[in-house]
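To start, the structure under review is shown below, and the notes come after it.
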Amino acid sequence: MIEISVSVSIARPAAEVWSILGGFDFLPRWVGPIASSRLEDGGRVRRLETVDGEVIVERLLEFSDSERQYSYALLESPFPVSEYVGQVAVRDDGAGGVQAVWSSRFRSHGVDAVEIAADFEGFYHAGLERLKALVEER
């Protein structure tokens, strides 16, 4: 099982960061390659479309406003992975800012594990950096 975690420091209060990061349907706001998101199954499933027209379907597993985190499972995607479970979270840093965290665990299929882990890490880092820019511009 591959496990990765990326975090970015953001100089804003947790509630402000969570107002964007915590929206299960908000990925198009802060993840550049995601063009659209549509909720299904009473808001527990999101159907994402990338700017390249690929479809990604994910199911919300757990959601906690009080802990400022949610986890989700990948149901359908173009990625060569299985058993994918991801999590996003906002953690207070004790100095008036936060750590925005995006992590996952999964199995790779037909590709080098180091390569696919690096791809996901780069994707998460780019998304969190865009989130940081959006929130700190306010």
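A few comments on the model shown:
- Checklist (1) over 18 Å from Leu134 (Cα atoms); (2) open to solvent by 70 Å² or more (accessible area, probe 1.4 Å) applied to Arg29, failing item: (1)
- Residues that are within 22 Å of Val81 (Cα to Cα), assigned to a loop (DSSP other than H, G, I, E, B), in contact with a strand residue (DSSP E or B) (Cβ under 8 Å, 6 or more places away or on another chain) and in contact (Cβ under 8 Å) with a residue 60 or more places away in the chain within segment 1-36 comprise Met1, Pro33, listed in sequence order.
- Output for segment 101-119, where each listed residue is open to solvent by 50 Å² or more (accessible area, probe 1.4 Å) and among the small types (Gly, Ala, Ser): Gly110, Ala118
- Counting the residues of segment 55-82 that are on the phi < 0 side of the Ramachandran plot, open to solvent by 60 Å² or more (accessible area, probe 1.4 Å) and touching a residue at least 12 places away in the same chain (Cβ under 8 Å) gives 9.
- Checking each residue in segment 37-54 for being within 16 Å of Pro78 (Cα to Cα), loosely packed, with under 15 Cβ neighbours inside 10 Å and touching a strand residue (DSSP E or B) at 6+ places or on another chain (Cβ under 6 Å) picks out only Val51.
- Set side by side, the residues Gly122, Gly94 differ, and just one is surrounded by fewer than 18 Cβ atoms within 10 Å (Cβ to Cβ) and more than 16 Å from the chain's Cα centre (by Cα), which is Gly94.
- Selection over segment 98-138 of residues that are in a loop (DSSP other than H, G, I, E, B) and without any contact (Cβ under 8 Å) to a residue 12 or more places away in the chain gives a count of 1.
The values are calculated or read from the model by the stated rules, or taken from the named source; none is laboratory data. Treat the numbers as computed from the prediction; the structure is a model and nothing was measured. Cβ sites come from the backbone with ideal geometry, for glycine too, and all protein chains shown count toward neighbours. With ligands, DNA and RNA removed, areas are computed over all heavy atoms of the protein, side chains included. Shrake-Rupley method; radii C 1.70, N 1.55, O 1.52, S 1.80 Å.
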